[in-house]
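J.: One structure coming up, written as structure tokens, with questions to follow.
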Amino acid sequence: AAYLSDLHVTPGSGVYWATYSAIGGRHVFRSSDQGGTWVNRTSDLPDVPVNAIETDPRRPDRVWVATDIGVFQSKDRGASWSRFGGGLPRALVVDLVAHPHLRLLRVGTRSRGVWEIEI
């Protein structure tokens with residue numbers, strides 16, 4: 001069974017993001033009209049559950065997702081994805097929080113602690 005795993009609003013933009021914990025389906029969705037319509041932004045993400053999503057407070061085109069195998073990043077609003085976080089273990093990541101002033105992404109893992117990565 002899968003579920004809606006996270007909702008995120010890019011501050012000041014009216015852009016909404018939603019993630020889904022599915023295996024064998026779409027995982028990331030974006031709305032640019034405050035939830036009126038949604039576009040699949042899963043693109044080339046691995047087919048694993050997505051648990052959380054966060055946007056860069058200074059660059060809203062930059063997005064990170066927490067998955068069952070680590071963190072992935074998109075610099076083009078989800079059109080393409082790549083692995084993020086040199087040194088971050090390939091672990092189940094359950095939450096992400098961007099600190100706008102320190103320029104850090106905090107990564108909460110299951111059984112591997114919390115990591116901080118400069119953004």
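The values are calculated or read from the model by the stated rules, or taken from the named source; none is laboratory data. From a predicted model like this one, the values you see are computed outputs, not experimental measurements. As a convention, Cβ positions derive from the backbone with ideal geometry for all residues, glycine included, and neighbour counts pool all protein chains shown. With ligands, DNA and RNA removed, areas are computed over all heavy atoms of the protein, side chains included. Shrake-Rupley method; radii C 1.70, N 1.55, O 1.52, S 1.80 Å.
J.: Inspect the range 43-53 for any residue being closer than 22 Å to Arg103 by Cβ and touching a strand residue (DSSP E or B) at 6+ places or on another chain (Cβ under 7 Å) and give the result as yes or no.
T.: So in the range 43-53, the residues closer than 22 Å to Arg103 by Cβ come out as 52-53.
Within this subset, residues satisfying the condition of being touching a strand residue (DSSP E or B) at 6+ places or on another chain (Cβ under 7 Å) are 52-53.
Looking for residues that are closer than 22 Å to Arg103 by Cβ and touching a strand residue (DSSP E or B) at 6+ places or on another chain (Cβ under 7 Å), one finds at least one in the range 43-53, hence yes.
J.: One residue is enough: does the range 29-36 have a residue meeting the conditions open to solvent by 30 Å² or more (accessible area, probe 1.4 Å) and either within 12 Å of the chain's Cα centre (by Cα) or within 20 Å of Trp115 (Cβ to Cβ) (or both)?
T.: The answer is yes, given that some residue of the range 29-36 is open to solvent by 30 Å² or more (accessible area, probe 1.4 Å) and either within 12 Å of the chain's Cα centre (by Cα) or within 20 Å of Trp115 (Cβ to Cβ) (or both).
J.: Here's a follow-up. I'd like to check which strands (runs of 3 or more DSSP E) are fully inside the range 48-119 and have at least 3 residues that are more than 12 Å from the chain's Cα centre (by Cα). Walk me through it before giving the result.
T.: Values: elements: 50-55, 63-67, 70-74, 82-84, 93-99, 104-109, 114-118.
Qualifying strands (runs of 3 or more DSSP E): 104-109, 114-118.
J.: Every residue in the range 63-99 that is open to solvent by 20 Å² or more (accessible area, probe 1.4 Å), touching an Asp or Glu at 6+ places or on another chain (Cβ under 8 Å) and under 18 Å from Arg30 (Cα atoms), please.
T.: Lys75, Asp76, Arg77, Ser80, Trp81
J.: Restricting the range 1-23 to residues that are open to solvent by less than 70 Å² (accessible area, probe 1.4 Å) and of a type in the set (Gly, Ala, Ser), which is nearest to the chain's Cα centre (by Cα)?
T.: Per the criteria, the residue is Ala18.
J.: Turning to a different aspect of this structure: I need the full set of residues from the range 17-60 which are among the hydroxyl-bearing types (Ser, Thr, Tyr) and in contact with a His (Cβ under 7 Å, 6 or more places away or on another chain), in order please.
T.: Our first condition is that a residue be among the hydroxyl-bearing types (Ser, Thr, Tyr); within the range 17-60, this holds for 19-21, 31-32, 37, 42-43, 55.
Across the range 17-60, the qualifying residues are Thr19, Tyr20, Thr42, Thr55.
J.: Search the range 1-23 for residues being assigned to a loop (DSSP other than H, G, I, E, B) and either touching a strand residue (DSSP E or B) at 6+ places or on another chain (Cβ under 7 Å) or of a type in the set (Ser, Thr, Tyr) (or both), and hand back the single one that is nearest to Ala66 (Cα to Cα).
T.: So the first thing to find is which residues in the range 1-23 are assigned to a loop (DSSP other than H, G, I, E, B), and the list is 1-3, 11-14, 21-23.
Pick out the ones that are also either touching a strand residue (DSSP E or B) at 6+ places or on another chain (Cβ under 7 Å) or of a type in the set (Ser, Thr, Tyr) (or both) and you get 2-3, 13, 21.
Working: Ala2: 15, Tyr3: 15, Ser13: 22, Ser21: 11 Å.
Checking each candidate, the answer is Ser21.
J.: Tell me the residue from Arg26, Arg58 that is touching a strand residue (DSSP E or B) at 6+ places or on another chain (Cβ under 7 Å), of a type outside the set (A, V, I, L, M, F, W, C) and open to solvent by 70 Å² or more (accessible area, probe 1.4 Å), please. Break it down stepwise before answering.
T.: On the way: Arg58 fails: touching a strand residue (DSSP E or B) at 6+ places or on another chain (Cβ under 7 Å).
Matching residue, one of Arg26, Arg58: Arg26.
J.: Could you please tell me which pairs satisfy a Cβ distance under 7 Å, a separation of 6+ or placement on different chains, a first residue in the range 63-81 that is within 17 Å of Leu7 (Cβ to Cβ), and a second residue that is part of a loop (DSSP other than H, G, I, E, B) and charged (D, E, K, R)?
T.: Once the first residue is within 17 Å of Leu7 (Cβ to Cβ) and sits in the range 63-81, its partners that are part of a loop (DSSP other than H, G, I, E, B) and charged (D, E, K, R) give Val63/Arg77; Arg77/Arg41; Arg77/Asp61; Gly78/Arg41.
J.: Let me ask something else. Thr37 - would you say it is assigned to a loop (DSSP other than H, G, I, E, B), modelled with pLDDT of 95 or more and not aromatic (Phe, Trp, Tyr)?
T.: Details: assigned to a loop (DSSP other than H, G, I, E, B): yes; modelled with pLDDT of 95 or more: yes; not aromatic (Phe, Trp, Tyr): yes.
So Thr37 fits the description; yes.
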